[in-house]
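Before any comments, here is the structure.
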Amino acid sequence: MEIRRSYLEFFAGKNHVIAPSSPLVPSDPTLLFTNAGMVQFKPVFTGEVPPPQPPRAATSQVCIRAGGKHNDLENVGYTARHHTMFEMLGNFSFGDYFKKEAISYAWEFLTGSLNLPKERLYISIHESDDEAEAIWLGYVPKERIGRFGDKDNFWQMGEVGPCGPCSEIYYDQGADRFGSGEDYFGGDGDRFLEVWNLVFMQYNRDEKGTLHPLPKPSIDTGMGLERITAVKEGVFSNYDSSLFRPLLDEISRVTKKPYDPRSGSSHRVIADHLRSVAFLLAQGVSFDNEGRGYVLRRILRRAARHGYLLGVKEPFLYRLNAVLAEQMKDSYPYLLEQQGSVSDQIKAEEARFFATLVSGMKLFETELEKSGAIFSGESAFKLYDTYGFPLDLTQDMLRAHNIRLDTEGFDRAMKRQKETAKAAWKGSGDKSAQGDFGALIEEFGLNVFVGYDTLETESRLLALLDQNRKKTSRLEAGEIGFALLDKTPLYATSGGQVGDCGALKIGDRAVAIVLQTDKYFGLNISKIAVKESIEAGAPVLAEVARFRRLLTERHHSAAHLLHSALIETLGENTTQAGSEVSGERLRFDFSYPKALSKEQLDEIENRVNEMIFAAIDSVVEELPIEEAKKRGAKALFSEKYGEMVRVVSFGGESVEFCGGTHVKNTSHIGAFAIIKESGVSAGVRRIEAAAASAALSYFKEIRNSYDQAVGALKTKDISSAIAKLIHENKKLQKESGKSQSGKEIAIVEIGGVILAVDTIPYGNPKETIDDLKNRFNRIAATVFCINGGKVSAAAGTKNVPFDADKWLSSTLSAFGGKSGGRGDFASGGGIAPGLVEDAKKLALESAKEAIKKKPG
């Protein structure tokens, strides 16, 4: 039975709006991830925005609980029901129906739609909630209703604000399987399993803790899909249900270790964590050393380590992704659409971790032998900082040995080296967008954007907000505030395009300068610097900064052409991971497992310019979303789309969902130049580029540099002149026996291979690597340089049995750095200067192991 679909169809039949699962990265700045169904409705419950119509909704929400306050990570794999990623079925009433209907709907769905035996359902209520008990007595006898206190049956959003009693529905799994002293209704045993929580939001708690009845009580319910599926299928672990068995079977096949429910904690960890990793990557979160990206990295590395426990010594998680994508494609088609890209990113991150895992495990085992009942916090920190082992991964390993970690020692080590603290965060780090937006929507509704067709329009100032975004009737000269216009040509930041600047005029006078335009709960609101006092209700001429908008449009259209060229050159697995377009430049992030070659970059740049010179007209259409998808229009997950979507096309070359502004013809872009290509995180690359006049400025800069070089070298054949200088410099270095920095590089010989790992005081590590490769026939070298507080590094190999790119990547990534290159040469950086000595030790150790393992 497809419970998710049955649930949503049931509540659609009860006149509920069926809202899609909101992104895992919430707009709420206090949350790291979306962790409950009500998160997307929080602004409704708090009164910031008005409720939808009708004022009732239902969802199946993808949730992550693996970081911050709600963190189930360490329990996953060891219990029957803990998950980092799960789906929460929920129905919500925003001042519409209340307890009677919420209880009735829940009972009808469980006993009617799911056909669960009524005699197995037990009910908990708050000890003070006589109203709920009276309603429940119409469905169950009093002996199956339990009253409990605030700890178990009272819910609140925060210290102050909406709150209320809750009622939980439990399923009796049977006395024949559960017979401990805690297996009674209300005990801590597993016999009585909570399946659905109904929250009755009927109070508002003030700063003194006093409860005040809400004028319009609301409903918020939550039921775990994985849990109710296990109940319906008659199994006692979520992992034994049909939601997990396909993944567990594939894990058994890939690892060649059959799954045994009694001892299969590693299989369960891998199955759960893969779901989290795939959903986060598909929704645009990237591996990183802080915030959400670091939580993502922790989850993947924990799964990889459990693969290691099953005997897998190389990347394998990426091979499981196809089964997950196929299994969930009907409800979450983007998993299948981005399967290739997600698998590539998983594989790249796995490879980074496996490169250091063996060395880290050796350190762990050595320290374990020295440990008594407590494992050294200093050693745990070294595993974290040098080998990329998240703290909870080390704790997880110690759990198997029944040894406790000296967390205070770990914290002291972390404090000493603050620049490497990667796990500390508070919320998302995003700015809060609090203000009187709900009142504005209630009074005026959403304002109208007319900027696709015009750059100026006669408007009316519907409302003014002060600098704290609170409604005011007047703003004085010199003040900073916000303006809500009834219709506006000013584009609000979204879809990667920066918001417009401009002016508000009365007659010929600019009474306010528009500094920025942003979107708040669907409202286009402009931040303004007031030049003359203005009042709400006044008529104004809203005017866009024309030249800035035109340049922004050219960069935005160029970004679409770049996206098309990337897919054409690199393959269909290449997907957009983010973008930013302004009047000065464009930045485009995309999934790809390695650095692009010069040939690839030239091909991409040439292809974009070909499309520009082809003078292709743009076509903008409003289409039903399914029709747009059938036409192959590309969408970005982080954007929200309605039933009708705006599609921007340039002939057959580029077709994308897009709400931004664009040129009428590609020839208006003028020209396109790639300025830089770099890595953002494992499996995600970034291209920075310029179009139109910005591209012209870039070309002029290059020409000026060329002219200066010609003047200095006294020849137009600067390539030959530079090559000659390099040759003479290398000759002098060779004669002196020193690197280009003047320092003698430390070398050792192992099995006929020269191994050099050292630091130079100045200069270019690449030149030193080239030096060493010219001097020795069989060499592996890594060189670091610290300059201005920044670390650069390069690695090279010649006639040795291992890869320079992988060697440097594993070295730098263990310390939060990045690199790119090829088999015989790589370069990178991004680590703290204080970590260079540890990085050198790791590079030396891993190279020695590789040389000894593969002689000659």
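The values are calculated or read from the model by the stated rules, or taken from the named source; none is laboratory data. This structure is a prediction, so every number in the text was calculated from the model and none was measured. Please note: Cβ atoms are built from the backbone with ideal geometry, for glycine as well, and neighbour counts cover all protein chains shown. Heavy atoms of the whole protein, side chains included, go into the accessibility calculation; ligands, DNA and RNA do not. Shrake-Rupley method; radii C 1.70, N 1.55, O 1.52, S 1.80 Å.
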- Inside region 174-203, can you point out the residues that are surrounded by 20 or more Cβ atoms within 10 Å (Cβ to Cβ) and among the polar types (S, T, N, Q)? 197, 202
- For region 550-625, which strands (runs of 3 or more DSSP E) that fit wholly inside it have 2 or more residues that are of a type in the set (Val, Ile, Thr)? 618-624
- For residues that are at pLDDT 85 or above and hydroxyl-bearing (Ser, Thr, Tyr), scanning just region 15-68, find the one that is nearest to residue 297 (Cα to Cα). 34
- Note on the structure: Residue set 685, 775; condition at pLDDT below 85 and among the basic types (Lys, Arg); output residue 775
- Index of the failed condition, residue 78 passing every other in (1) more than 22 Å from residue 163 (Cβ to Cβ); (2) at pLDDT 90 or above; (3) among the aromatic types (Phe, Trp, Tyr): (2)
- Task: Take the residues in region 421-439 that are open to solvent by less than 30 Å² (accessible area, probe 1.4 Å) and either in a loop (DSSP other than H, G, I, E, B) or closer than 28 Å to residue 546 by Cβ (or both), then tell me which one is modelled with the lowest pLDDT.
- Result: 422
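Results for (1) part of a helix (DSSP H, G or I); (2) out of contact with any strand residue (DSSP E or B) (no Cβ under 8 Å at 6 or more places or on another chain); (3) open to solvent by less than 20 Å² (accessible area, probe 1.4 Å), shown as yes or no for each residue.
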{"position": "257", "(1), (2), (3)": "no, yes, no"}
{"position": "266", "(1), (2), (3)": "yes, yes, yes"}
{"position": "276", "(1), (2), (3)": "yes, no, yes"}
{"position": "281", "(1), (2), (3)": "yes, yes, yes"}
{"position": "287", "(1), (2), (3)": "no, no, yes"}
{"position": "327", "(1), (2), (3)": "yes, yes, no"}
{"position": "335", "(1), (2), (3)": "yes, yes, yes"}
{"position": "344", "(1), (2), (3)": "yes, no, no"}
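Can you tell me which residues in region 370-407 are part of a loop (DSSP other than H, G, I, E, B) and within 18 Å of residue 306 (Cβ to Cβ)? So that I can check it myself, show each step before the final result.
So in region 370-407, the residues part of a loop (DSSP other than H, G, I, E, B) come out as 371-373, 376, 388-390, 400-403, 406.
Of everything in region 370-407, those that are part of a loop (DSSP other than H, G, I, E, B) and within 18 Å of residue 306 (Cβ to Cβ) turn out to be 388, 389, 390, 400, 401.
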- Quick one: would you say residue 629 is touching an Asp or Glu at 6+ places or on another chain (Cβ under 8 Å), more than 20 Å from residue 452 (Cα to Cα) and buried (at least 16 other Cβ atoms within 10 Å of the Cβ)? no
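Among the residues of region 120-145, which ones are open to solvent by 30 Å² or more (accessible area, probe 1.4 Å) and of a type in the set (Ser, Thr, Tyr)?
Going residue by residue through region 120-145, those that are open to solvent by 30 Å² or more (accessible area, probe 1.4 Å) are 120, 122, 127-128, 130-131, 134-135, 137-139, 141-144.
Once the filter is applied, which keeps residues that are open to solvent by 30 Å² or more (accessible area, probe 1.4 Å) and of a type in the set (Ser, Thr, Tyr), region 120-145 yields 122, 128, 139.
In region 785-856, which strands (runs of 3 or more DSSP E) lie fully inside it and hold 1 or more residues that are of a type in the set (Val, Ile, Thr)? Walk me through it before giving the result.
Values: elements: 790-798, 818-821, 825-829.
In region 785-856, the matching strands (runs of 3 or more DSSP E) lie at 790-798.
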- Query: Can you spot a residue in region 665-684 that is surrounded by fewer than 18 Cβ atoms within 10 Å (Cβ to Cβ), among the small types (Gly, Ala, Ser), over 19 Å from residue 615 (Cβ atoms) and under 23 Å from the mean Cα position of the chain (by Cα)?
  - Reply: yes
- Task: Among the candidates 850, 793, single out the residue that is surrounded by 24 or more Cβ atoms within 10 Å (Cβ to Cβ) and either over 27 Å from the mean Cα position of the chain (by Cα) or on the phi > 0 side of the Ramachandran plot (or both).
- Result: 793
- Only listed residue being under 22 Å from residue 357 (Cα atoms) and either free of Cβ contacts under 8 Å to residues at least 12 places away in the same chain or surrounded by 19 or more Cβ atoms within 10 Å (Cβ to Cβ) (or both), chosen from 831, 779, 760: 831
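Let's see how each residue does on (1) touching a residue at least 40 places away in the same chain (Cβ under 8 Å); (2) open to solvent by 10 Å² or more (accessible area, probe 1.4 Å); (3) within 23 Å of residue 393 (Cα to Cα); (4) not β-branched (Val, Ile, Thr):
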residue	(1), (2), (3), (4)
40	no, yes, no, yes
53	no, yes, no, yes
81	yes, yes, yes, yes
91	yes, no, no, yes
- Note on the structure: Every listed condition ((1) in contact (Cβ under 8 Å) with a residue 60 or more places away in the chain; (2) more than 30 Å from residue 109 (Cα to Cα)) holds for residue 324 save (2)
- Is it true that some residue in region 146-164 is more than 22 Å from residue 201 (Cα to Cα) and either touching a Phe, Trp or Tyr at 6+ places or on another chain (Cβ under 9 Å) or open to solvent by 40 Å² or more (accessible area, probe 1.4 Å) (or both)? no
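Of the residues 649, 697, 638, 654, which single one is open to solvent by 50 Å² or more (accessible area, probe 1.4 Å), of a type in the set (S, T, N, Q) and modelled with pLDDT of 90 or more? Spell out the reasoning first.
On the way: 649 fails: open to solvent by 50 Å² or more (accessible area, probe 1.4 Å); 638 fails: modelled with pLDDT of 90 or more; 654 fails: open to solvent by 50 Å² or more (accessible area, probe 1.4 Å).
One residue alone meets the criteria, 697.
With the structure loaded, tell me whether residue 504 is in a strand (DSSP E or B), over 37 Å from the mean Cα position of the chain (by Cα), closer than 30 Å to residue 586 by Cβ and of a type outside the set (Gly, Ala, Ser) or whether it fails that test.
Details: in a strand (DSSP E or B): yes; over 37 Å from the mean Cα position of the chain (by Cα): yes; closer than 30 Å to residue 586 by Cβ: yes; of a type outside the set (Gly, Ala, Ser): yes.
For residue 504, the condition - in a strand (DSSP E or B), over 37 Å from the mean Cα position of the chain (by Cα), closer than 30 Å to residue 586 by Cβ and of a type outside the set (Gly, Ala, Ser) - is met.
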- Could you run through region 444-473 and say how many residues are farther than 18 Å from residue 510 by Cβ, assigned to a strand (DSSP E or B) and open to solvent by 60 Å² or more (accessible area, probe 1.4 Å)? 2
- Task: Hey, can you tell me all the residues within region 6-53 that are in a loop (DSSP other than H, G, I, E, B), more than 28 Å from the chain's Cα centre (by Cα) and either over 22 Å from residue 436 (Cβ atoms) or of a type in the set (Lys, Arg) (or both)?
- Result: 13, 14, 15, 16
- Task: Identify the single condition in (1) outside any strand (DSSP E or B); (2) open to solvent by less than 50 Å² (accessible area, probe 1.4 Å); (3) farther than 27 Å from residue 828 by Cβ that residue 542 does not satisfy, given that it satisfies every other one.
- Result: (1)
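Let's see how each residue does on (1) out of contact with any helix residue (DSSP H, G or I) (no Cβ under 6 Å at 6 or more places or on another chain); (2) among the acidic types (Asp, Glu):
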site: 160; (1), (2): yes, no
site: 166; (1), (2): no, no
site: 171; (1), (2): no, no
site: 174; (1), (2): yes, no
site: 178; (1), (2): yes, no
site: 183; (1), (2): yes, yes
site: 188; (1), (2): yes, yes
site: 192; (1), (2): yes, no
site: 201; (1), (2): yes, no
- Task: With respect to residue 691, determine if the residue is open to solvent by less than 10 Å² (accessible area, probe 1.4 Å) and either under 22 Å from residue 451 (Cβ atoms) or in contact (Cβ under 8 Å) with a residue 40 or more places away in the chain (or both).
- Result: yes
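Are any of the residues in region 110-129 closer than 29 Å to residue 26 by Cα, more than 30 Å from the chain's Cα centre (by Cα) and either of a type in the set (Ser, Thr, Tyr) or in a helix (DSSP H, G or I) (or both)?
no
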- Item | Among (1) modelled with pLDDT of 95 or more; (2) surrounded by fewer than 15 Cβ atoms within 10 Å (Cβ to Cβ); (3) not β-branched (Val, Ile, Thr), the one test that residue 215 misses | (1)
- Check residue 364 against each of (1) open to solvent by 20 Å² or more (accessible area, probe 1.4 Å); (2) under 18 Å from residue 841 (Cα atoms); (3) at pLDDT 80 or above and name the one condition it does not meet. (1)
